[in-house]
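Student: This is the structure I have questions about; it appears just below.
The values are calculated or read from the model by the stated rules, or taken from the named source; none is laboratory data. None of the values given here were measured: they were computed from a predicted structure. No Cβ is skipped: glycine too gets one built from the backbone with ideal geometry, and neighbour counts run over all protein chains shown. Note: accessible area is taken over every heavy atom of the protein model, side chains too, but ligands, DNA and RNA are not part of it. Shrake-Rupley method; radii C 1.70, N 1.55, O 1.52, S 1.80 Å.
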Amino acid sequence: MDTVDVLVVGAGLAGLRTARLLAEAGLDVAVCERRGDLGTGIRTTGIFVRRTLEDFDLPHLGPAVRRVVLYPPSLTRPVELVSGRDEFRVGHMEGVYAQAVEDARRAGAQVTLNAGYPAKAVKARFTIGADGARSTVARQLGLDVNRTMITGVEEVYPVAPGGTPTFHCVLDPRLAPGYLAWVIDDGEHAHVGLAGRADRFTAPLPRLLRRFKDGFPTPTPTGPVRRRGGPIPVGGVLRRIVSTEGLLVGDAAGAVSPLTAGGLDPCMRMSELAASVTADYLRSGNRYVLEHYDGAGLRRRYVARGAMRRGLSLVRGPGVAEAAFSGLRTWLGRAVAARIMFT
């Protein structure tokens, strides 16, 4: 049996980045991932926001998106928001993951695919759960688990170039109760999807997605259409995300914006903190170091967006959504919308 300092469970962006940082710090790190191919079972749209693009060097990104259009259920009189800066880029996640694996291995981490958890061939001093919204590691370590989630489905395909890259968002509780439907067309690929509360869906997700595509002008595919999806935690960072035996990062820790459901920026930043705390703890043996990885403290960053998430969940009918757009069309409503979308 191999003995390592840290076992990272899950080879998503959070897990691979944490593993690389720990290996660069001189620790012996192993990563186990149940998938045999990281290009399958992708659960993220891959939207990277401006602050992530400014702070991190990321490969395999699509063209910049500066334009957002918000639609009510009727699709009439949408609200257009245009930024003077590059606000979004959508990652080609197969390439992003492949590069992250290469970087982790180059730093010295062992990355093993098609390997489940618990890893029978590895004994670790510390375990990091980066195994998604329904984390097995969280349960094994007796830490908190995600209970507030939405479920999404998305189709991704190449499109003909042309037009202004645009992020279209449709607020229609009949299709996406508690969240929204979207089309992101960056001139290279289109992402067409929807997500919402599973207990409120009126039909299976594939049927709702077809209904959305039938009613909204979506780009025409010029190549293969791939489908992805899964659960998205929207309850904010969990309170108990660390113990003397391990910690959680990324979706496993609930590090997703409760309102926008964006998780890539939080996972990048949380990975840095997780790696720093883990390295300090294993070198010093001082369990009080773990207090710096405080879920309750991290939750405070999401108080306002958590409140807005609860407000969004109250939009149960198209009439309420249409009425909300009356406010969005005012200068104040547009300013609030821009603040949410462009930060």
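Student: Size of the dipole of segment 80-186 about the Cα centre, Lys and Arg at +1 and Asp and Glu at -1 on the beta carbon, nothing else charged, in debye to 20?
Tutor: 900
Student: Students often get this wrong: which residues of segment 7-42 have the backbone nitrogen under 14 Å from the point 7 angstrom along Cα-to-C-beta of Arg226?
Tutor: 36-42
Student: Rounded to the nearest Å, what's the spacing between the alpha carbon centres of segment 8-76 and segment 193-226? Just the number, please.
Tutor: 23
Student: Which one of Gly317, Pro72, Leu58 has its Cα pushed farthest toward the positive end of the charge dipole of the chain, where Lys and Arg give +1 and Asp and Glu give -1 at the Cβ?
Tutor: Most positive-ward Cα: Gly317.
Student: Heavy atoms of the protein only, probe of 1.4 Å, neighbouring chains included. What is the accessible area of His189 in Å², nearest 10?
Tutor: Around 40 Å² of this residue is reachable by solvent.
Student: Another question about this same structure. Divide by every residue of the chain the summed helix terms, -39500 (n - 2.57) for each DSSP H run of at least 4, and state the resulting mean residue ellipticity at 222 nm, rounded to the nearest 500 deg cm²/dmol.
Tutor: Values: 10 runs with 109 residues, N = 343.
Per the formula, -9500 deg cm²/dmol.
Student: Got a sec? Charge dipole of segment 156-228, +1 on Cβ for Lys and Arg, -1 for Asp and Glu; which of Ala203, Val170, Gly193 is way out at the positive end?
Tutor: So the residue furthest toward the plus end is Ala203.
Student: Separate question: Specify the inter-centroid distance of segment 111-179 and segment 248-274, based on alpha-carbon positions, in whole Å.
Tutor: 10
Student: May I pose another question? Which FRET efficiency value, to the nearest 0.05, is calculated for Asp199 and Asp28 with the Förster distance at 51 angstrom and r the Cβ-Cβ distance?
Tutor: Details: r = 44 Å, r/R0 = 0.87.
So, using R0 = 51 Å, E works out to roughly 0.70.
Student: Still on this structure, I have one more. Please work out the FRET efficiency for the pair Arg125 and Glu188, using the Cβ-Cβ distance as r and a Förster radius of 51 Å; give the result to the nearest 0.05. Each step should come with its number before you reach the end.
Tutor: Details: r = 44 Å, r/R0 = 0.86.
Computed FRET efficiency for Arg125 and Glu188 comes out at 0.70.
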